[in-house]
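Okay, so here's the structure we're looking at.
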Amino acid sequence: MSTPLESPLPPLLRAAAGLPGDRVPVWFMRQAGRSLPEYFEVRGEGSILQAISDAERATEITMQPVRRYDIDAAILFSDIVTPVWVSGFGIDITPGVGPTCDRPFTSAADLERLRPIDDDDLGFQTDTVRALVDQLPHEVPLIGFAGAPYTLAAYLVEGRPSKDYAKVKAMMFAEPELWHALADRLADYAIATLRNQVANGARAVQLFDSWVGGLRPEHYREFVQPHSAKVLAAMAELDVPRFHFGINTGELLADMADAGAEVVGVDWRTPLSVARERTGGRVGLQGNLDPALLSAPWEVVEPEVRRVLDDNGGHPGHVFNLGHGVTPSANPETIARIAEYVHTHGTAMGDGSTGAAG
Ligand code: 1CP
């Protein structure tokens with residue numbers, strides 16, 4: 001990586017700091033992986049955790065979208081369950097299903113299965129991050145990430161992907177002490193993971209709380225926000241921008257902003273102008289194209305990309321992204337065109353205009 005002292009801040013880091021720049025940064029959640037034919041050449045059989053824990057393969061998979069698209073960030077190829085996996089709790093990612101536990105978390109006795117983790121448990125991640133930082137150009141920062149306590153707990157308590165999160169919510173309401181003990185351990189997992197990533201060269205972090213949108217704001221504030229805030233506060237001293245994301249979080253955006261991130265992710269349901277009002281302009285926003293559009297014809301996609309940019313109204317604190325991850329059926333050529341369009345037509349001059357910026 002070339003890092004001349006006087007080189008300008010990369011567009012992603014400028015936008016995260018709310019600074020105007022000559023290009024709206026763009027990256028795509030889940031930009032690596034199942035939408036790319038080159039991914040299947042290296043993925044291998046079995047659990048995705050095998051590929052994640054093989055530094056050479058994880059590095060290659062992370063780099064694939066960076067080579068293919070003109071994007072402003074790389075995101076470490078890993079999964080939110082990686083720290084739970086290395087702890088030996090007993091979680092795997094079952095192909096075609098997602099995270100599964102043979103013995104889900106049900107009682108205080110299970111806390112003992114969640115031993116603290118440290119850098120020694122994350123050797124493959126250290127190697128992957130270092131290899132990536134060596135390869136990535138200065139303008140393309142590596143984003144590290146972790147799962148937020150609520151979304152991780154959902155997998156541990158439900159034992160598999162869920163539609164209603166009934167078990168994890170029941171634990172939260174009926175056994176608040178147990179819930180807080182679990183969430184606190186998972187916050188420590190996120191902190192250990194993110195510290196390892198940043199210590200080795202990640203230049204931004206994203207805390208994924210994908211499923212938190214199923215909670216009422218009052219419950220979010222009581223049961224979830226303190227734990228996510230603990231993770232984000234632990235990152236404050238590391239001097240990297242913190243992104244915080246969930247889906248279906250229109251009602252939670254202000255509370256998520258209060259958890260302590262510089263940038264809050266917005267899914268496709270809430271226009272960026274509304275999200276900015278709800279967060280009082282105190283955070284940057286990331287989003288928020290509907291990922292379903294990635295398999296639609298360009299004539300349909302273009303006005304929607306335009307609309308996202310117009311909704312943002314030229315505000316400098318905008319990182320263009322999807323409202324959730326790239327779907328397996330996405331057309332990579334559409335992704336490439338979106339990145340190009342955002343760079344050509346987006347403006348982050350801070351003057352509220354929406355004309356082409358170059
Ligand atoms: O850019 C990238 O592709 C990075 C890779 C990445 C990320 C950011 C993977 C690899 N997982 C994640 C994060 C992740 N994992 C989240 C947060 C982001 C989001 O909301 O999409 C969540 C909720 C998970 C849990 C998970 N892992 C699921 C979802 C299941 C559910 O509840 O519906 C699934 C299907 C996985 C498996 C997985 N992780 C990653 C990949 C490429 C896959 C697909 C399976 C495979 O190829 O075997």
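The values are calculated or read from the model by the stated rules, or taken from the named source; none is laboratory data. In this text, all values refer to a predicted model and were calculated from it rather than measured experimentally. Cβ: placed from backbone, ideal geometry, glycine included. Neighbour counts: every protein chain shown. Just so you know, the surface numbers come from the protein's heavy atoms only, side chains and all, with ligands and any DNA or RNA stripped out. Shrake-Rupley method; radii C 1.70, N 1.55, O 1.52, S 1.80 Å.
At a glance:
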item	result
Rounded percent of accessible protein surface that carbon and sulfur make up, the stretch 11-345, 1.4 Å probe	49 percent
Accessible area of the chain divided out per residue, in Å², using a probe of 1.4 angstrom	40 Å²
Sites Leu19 and Asp134, calculated FRET efficiency, Cβ-Cβ separation with R0 35 Å, nearest 0.05	0.80
Added length on full extension, which subtracts the Cα-Cα distance from 0.36 nm per residue, Asn331 to Asp119	72.6 nm
Cα radius of gyration and Dmax for the stretch 102-213 (Å)	16.0, 50
Heavy-atom SASA rank of Tyr341, Tyr220 (probe 1.4 Å, accessible area, largest first)	Tyr341, Tyr220
Percent of beta bridges antiparallel (DSSP, the chain, rounded to nearest 5)	20 percent
Distribution of pairwise C-alpha distances over the stretch 11-345, 10 Å bins, in %	6, 27, 37, 25, 6, 0
The stretch 247-306: trypsin sites (Lys or Arg not before Pro) falling in loop per DSSP and having at most 16 other Cβ within 10 Å	Arg269, Arg282
Packing-based order for 236-249, 309-322, 85-98, using average beta carbon neighbours within 10 Å, highest first	309-322, 236-249, 85-98
Packing-based order for 291-297, 185-191, using average beta carbon neighbours within 10 Å, highest first	185-191, 291-297
The stretch 92-243: antiparallel DSSP beta bridges as a percent of all, rounded to 5	30 percent
Arg307 paired with Glu41, simple spin-label distance in nm, labels 7 Å along Cα-to-beta-carbon	3.7 nm
Centre separation in Å (Cα based) which lies between the stretch 172-193 and the stretch 288-309	38 Å
Efficiency of FRET between Asp184 and Arg160 - r from beta-carbon atoms, R0 25 angstrom, step 0.05	0.60
Additional length obtainable on full extension of the chain from Leu111 to Thr344, 0.36 nm per residue less Cα span	78.8 nm
Inverse mean reciprocal Cα-Cα distance (Kirkwood Rh) of the stretch 224-358, Å	15.4 Å
Computed [θ] at 222 nm, helices only, for the chain once each DSSP H run of length n ≥ 4 contributes -39500 (n - 2.57)	-12500 deg cm²/dmol
